[in-house]
Amino acid sequence: MSTIVQHPSPPASANCTPAEYDAHYQRSIDDPDGFWLEQAERLDWMTKPTKAGEWSFDPAEITWYADGSLNLCHNAVDRHFETRGDQTAFIFEPDDPATPGRSLTYRELHTEVVRMANALKAIGVSKGDRVTLYMPMIVEGAVAMLACARLGAIHSVVFGGFSPEALAGRIEACESRFVVTADEGLRGTKRVPLKANVDAALEFDGVDVSSVLVIKHTGGAIEMKEGRDHWYADVASDDECPCAEMNAEDPLFILYTSGSTGKPKGVLHTTGGYAVWVATTFHFTFDYQPGEVFWCSADIGWVTGHSYVTYGPLINGGTSVIFEGVPNYPDHGRFWEVIAKHQVNIFYTAPTAIRALMREGDDHVTKHDRSSLRILGTVGEPINPEAWRWYYEVVGESRCPIVDTWWQTETGGHMITTLPYASDMKPGSAGKPFFGVQLQLVDNDGNVLEGANEGNLCVTASWPGQARTVYGDHDRFIEAYFSTFKGKYFTGDGCRLDGDGFYWITGRVDDVINVSGHRMGTAEVESALVLHPAVAEAAVVGYPHDIKGQGIYCYVTTMEGVDETDELYAELRAHVRKEIGPIATPDHLHFTDGLPKTRSGKIMRRILRKIAENDYGSLGDTSTLADPSLVDRLIEGRQNR
Ligand code: WTA
């Protein structure tokens, strides 16, 4: 198995050749202002910016295009009328293939967005308000995002798989007074009670929501509270609704994401820089060509859905697929069936899905026509070379370049990525930095590691798509990202740079785990566990999992007198599910009579991680533990699993 897969020779239409990559990259470093003002031409501005980035990482204060103004909804929708009013903007593929789908031209999308914006206005939303979207993967989800952008309201999308508790926390944290939801969502054979979850969330103390806008999707029975809840159809209207003029640095959205400590952080993105970043990365990474069908399988509840289901494709005037379903319903060929049905050219998904489908055999893939496919992409976690090969050879018939894109909620869009015709591919490596991205590896003391090396991945210069703050808590922003290594943005990831200039992400080095491409703070799962009356203490770590990448491994000590029964085991798993959502369901609970702590009471997570990984040879010095004999008992417990 060779480690390099050569890029195919660039077609004449390629958006970037190897020589162009080098030239663009060099220019983006030597003359960032010139380069990024030029990329800003991808957008229509109300006031053209005269300067690009003005920023400092110490203390962190970041602006881009600060004297420019624009509206992102105008850029994603309205301006495409003249040139491509009849072109398809969104293709909606429902959960059940037997249900008719739907597609919207740019003109139809405009009508929908105006109706939604008027509905939001009717329930009281105005510029600067935070609007929580708790939606299934239907067109109205993206439409609600765009409608917020039209009015200058700040959307905060909460993934529809989160529990009422998690939703309540996110509504409260940004003092959102408005929620947009649907009666129910559909995922495979399951119905997700979205409206009922909203009802439950609004019961929590500290949540103060005045209006809920409800979209009828399944038609399932729900309760509507007089005066608070409004059916979308009752308040939508076709009245004129102009796009609000926004300063480039006005907030566009908040997205809650997990960190190593405390509650999820409300990462804030602003308008101009984010728009330039997603427009530029979409254009180059996916080599998008006019008329092509692009499908990103991520949910709009995650940043990938924000940047590459909604904003990136639409700003580029593209056609984007919105898929409501799951990869294994009605069978494991669903992805490839959708690709054949809609003649998808560019497909973007997560390694966890690839691994799960690979296990089901090639027939599910090969029986569907994949001749429309041109480029394949991955995101969310490292892809193991075996899954990469399968994706490349079986799905893409060894003719579609694979782009492995490394980025984060905080980065707004791709940061390290293969470019389809511009760089060779090494299975498992995300490739080289995108334009303007300046990386550095440092050791734990912050010493810069030169050349081919492995260390903590930092970014030393701002880029347009960078998050500007944590909503309402700039100190936390500084603490989380700029204090570990002063003057640098610390990603939380470990990384290796090889001699050819390729970056290999090795995974998180903080207390964040990546489960099926979903980012989760171990602290969140621990907090959920200790809420249960039977639990005294909990420590949660990730461990290697064949399909999910990482699984959730929980060490639990119970209260005096509690029996550690199978029933309790099941109850605790259900409890975490209820507190956070199904994605946080523990894979394994390990009852123990204690947690390994130093004499000063600090939990030694490194030991817990090693034991969960079944790696007992390198536990390091355990003599500083308050109770060294505990380690043997923990290992025994692990082996008896
Ligand atoms: C991980 C998702 C390896 C990484 C866009 C990062 C990846 C975290 C890759 C961010 C990749 C994302 N290869 N690891 N191509 N892409 N990650 O905020 O650990 O949900 O820090 O953003 O996912 O997750 P987030």
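The values are calculated or read from the model by the stated rules, or taken from the named source; none is laboratory data. What you see is a predicted model, and the numbers here were worked out from it, not measured in a lab. Cβ sites come from the backbone with ideal geometry, for glycine too, and all protein chains shown count toward neighbours. With ligands, DNA and RNA removed, areas are computed over all heavy atoms of the protein, side chains included. Shrake-Rupley method; radii C 1.70, N 1.55, O 1.52, S 1.80 Å.
What strands (runs of 3 or more DSSP E) lie completely within region 344-419 and have 2 or more residues being more than 11 Å from the ligand (Cβ to nearest atom)?
Numbers: elements: 346-349, 375-379, 402-406.
Strands (runs of 3 or more DSSP E) meeting the threshold: 346-349, 375-379.
Being more than 25 Å from LYS341 (Cα to Cα) and more than 13 Å from the ligand (Cβ to nearest atom) is the filter; apply it to region 420-430 and report the residue that is modelled with the lowest pLDDT.
The extreme case among them is SER423.
Are there any pairs, at least 6 apart or on different chains, whose C-beta atoms fall under 7 Å, with the first in region 78-107 and over 21 Å from ASN328 (Cβ atoms) and the second of a type in the set (Asp, Glu) and at pLDDT 95 or above, and if so, which?
These pairs meet every condition: ARG79/ASP44; LEU104/GLU112; THR105/ASP86; ARG107/ASP86.
Of all residues in region 507-517, which are farther than 25 Å from SER483 by Cα and more than 12 Å from the ligand (Cβ to nearest atom)? Write out each step before concluding.
Step one: of region 507-517, the residues farther than 25 Å from SER483 by Cα are 515-517.
Result: no residue meets the conditions.
Out of region 192-237, which residues are of a type in the set (Phe, Trp, Tyr) and assigned to a helix (DSSP H, G or I)?
Result: TYR232, single match.
Table: residues versus (1) away from the ligand (no atom under 16 Å from the Cβ); (2) among the β-branched types (Val, Ile, Thr); (3) modelled with pLDDT of 95 or more; (4) in a helix (DSSP H, G or I).
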| residue | (1), (2), (3), (4) |
| --- | --- |
| ARG519 | no, no, no, no |
| ALA538 | yes, no, yes, no |
| VAL541 | no, yes, yes, no |
| CYS554 | yes, no, yes, no |
| LEU572 | yes, no, yes, yes |
| VAL576 | yes, yes, yes, yes |
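If ILE552 meets every condition in (1) under 20 Å from the mean Cα position of the chain (by Cα); (2) among the hydrophobic types (A, V, I, L, M, F, W, C); (3) open to solvent by 60 Å² or more (accessible area, probe 1.4 Å) apart from one, which number is that one?
(3)
Would you point out the residue of region 177-205, among those that are out of contact with any strand residue (DSSP E or B) (no Cβ under 8 Å at 6 or more places or on another chain) and of a type in the set (D, E, K, R), that is surrounded by the fewest Cβ atoms within 10 Å (Cβ to Cβ)?
Looking at residues that are out of contact with any strand residue (DSSP E or B) (no Cβ under 8 Å at 6 or more places or on another chain) and of a type in the set (D, E, K, R), I get ASP205.
With the structure loaded, tell me whether TYR543 is more than 19 Å from the chain's Cα centre (by Cα), aromatic (Phe, Trp, Tyr) and closer than 27 Å to GLY601 by Cα or whether it fails that test.
yes
Going through GLU560, GLU571, GLU567, GLU579 one at a time, which residue ends up being open to solvent by 80 Å² or more (accessible area, probe 1.4 Å) and within 14 Å of LEU529 (Cβ to Cβ)?
GLU571
Could you check PRO136 against (1) in contact (Cβ under 8 Å) with a residue 12 or more places away in the chain; (2) under 25 Å from GLU337 (Cβ atoms); (3) open to solvent by 30 Å² or more (accessible area, probe 1.4 Å) and say which number it fails?
(3)
Could you list, in sequence order, the residues of region 611-637 that are farther than 17 Å from HIS588 by Cβ and in contact with a strand residue (DSSP E or B) (Cβ under 6 Å, 6 or more places away or on another chain)?
THR624, ALA626
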